[in-house]
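To keep things clear, I will list the structure first and then write my remarks on it.
The values are calculated or read from the model by the stated rules, or taken from the named source; none is laboratory data. Source: prediction; values computed, not measured. All Cβ positions, even for glycine, are placed from backbone atoms using ideal geometry, and neighbour counts span all protein chains on display. These area figures cover heavy atoms from the full protein model, side chains too; ligands, DNA and RNA do not enter into them. Shrake-Rupley method; radii C 1.70, N 1.55, O 1.52, S 1.80 Å.
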Amino acid sequence: MKLAIVDLAYGNIGSIQFALQRLGVVPMVTAEPDKIALADRVILPGVGAAGFAMERVDCLGLRETLTSLRQPALGICLGMQLLFEHSEEDNTTCFGLIQGRVRALEAAPDRPVPHMGWSKIDVRSPELGLRTGDYVYFAHSYACDVGPATLASISYGRDIPAVVRQANWLGAQFHPERSGEAGSRFLESFLT
Ligand SMILES: NC(=O)CC[C@H](N)C(=O)O
């Protein structure tokens, strides 16, 4: 299988590569539109800020490529947030593939922001390799709106999507590459 990890020059690419290799897939890390368009699977990783990431997307001429993919694609963390219409982070217009906005998490004494750590998910869709009650790893300060695309969620001050799906795009707010056995199950289900 040809799997492309989109290289926006930031982030958690090393740990994603490693997690995929453990599952027997050697990904290519690339920003070349043709390689991305022709891959069997595409991963849009994300650690960083929305404004910078969208600037990189446009600078590399990847907006059209990424929005017209038809093969299964997965956005991780910021990569998932970019699928929505708008992010409060840097007041950024995103891809608009999924209806809704990305809004800052609100801190409370028992709920620090950034939200960093393991949270228990509530799964609405059985075919993700995940189960209600699984703990997965989050590291973020912003979160997407819950909507029809939401397949799994957590509660952190408000309900926030942990997994979304719209057509060929899957998004994970958590980091599957850092979520142990549950994360591997999720990645494996994306690969098959
Ligand atoms: N881990 C991250 O880089 C988080 C991505 C995004 N900036 C957020 O805070 O939600």
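Please go through the range 12-36 and give me each residue that is within 22 Å of residue 139 (Cβ to Cβ), touching a strand residue (DSSP E or B) at 6+ places or on another chain (Cβ under 9 Å) and either of a type in the set (D, E, K, R) or open to solvent by 50 Å² or more (accessible area, probe 1.4 Å) (or both), ordered by number.
17, 29
So which of 183, 129, 171 ends up being in contact with a His (Cβ under 8 Å, 6 or more places away or on another chain), within 18 Å of residue 41 (Cβ to Cβ) and buried (at least 17 other Cβ atoms within 10 Å of the Cβ)?
Result: 183 is the single residue among 183, 129, 171 that is in contact with a His (Cβ under 8 Å, 6 or more places away or on another chain), within 18 Å of residue 41 (Cβ to Cβ) and buried (at least 17 other Cβ atoms within 10 Å of the Cβ).
Just one of the numbered conditions (1) within 16 Å of the ligand (Cβ to nearest atom); (2) assigned to a helix (DSSP H, G or I); (3) within 16 Å of residue 166 (Cβ to Cβ) is not true of residue 66; which one?
Failed condition: (1).
Exactly one of (1) away from the ligand (no atom under 16 Å from the Cβ); (2) assigned to a loop (DSSP other than H, G, I, E, B); (3) touching a Phe, Trp or Tyr at 6+ places or on another chain (Cβ under 9 Å) is unmet by residue 61. Its number?
(3)
Please tell me if residue 63 is more than 16 Å from the chain's Cα centre (by Cα), under 17 Å from residue 34 (Cβ atoms), open to solvent by 10 Å² or more (accessible area, probe 1.4 Å) and not polar (S, T, N, Q).
Yes, satisfied.
Taking only the range 8-36 into account, find how many residues are within 16 Å of the ligand (Cβ to nearest atom) and within 14 Å of residue 79 (Cβ to Cβ).
Of the residues in the range 8-36, 8 are within 16 Å of the ligand (Cβ to nearest atom) and within 14 Å of residue 79 (Cβ to Cβ).
Going by what's in this entry, would residue 29 be described as among the β-branched types (Val, Ile, Thr) and in contact with a Phe, Trp or Tyr (Cβ under 7 Å, 6 or more places away or on another chain)?
no
Which is in contact (Cβ under 8 Å) with a residue 40 or more places away in the chain, within 17 Å of residue 166 (Cβ to Cβ) and out of contact with any strand residue (DSSP E or B) (no Cβ under 7 Å at 6 or more places or on another chain), of 127, 106?
127
Out of the residues in the range 37-48 that are at pLDDT 95 or above and either surrounded by fewer than 16 Cβ atoms within 10 Å (Cβ to Cβ) or of a type in the set (A, V, I, L, M, F, W, C) (or both), which is nearest to the ligand (Cβ to nearest atom)?
The extreme case among them is 44.
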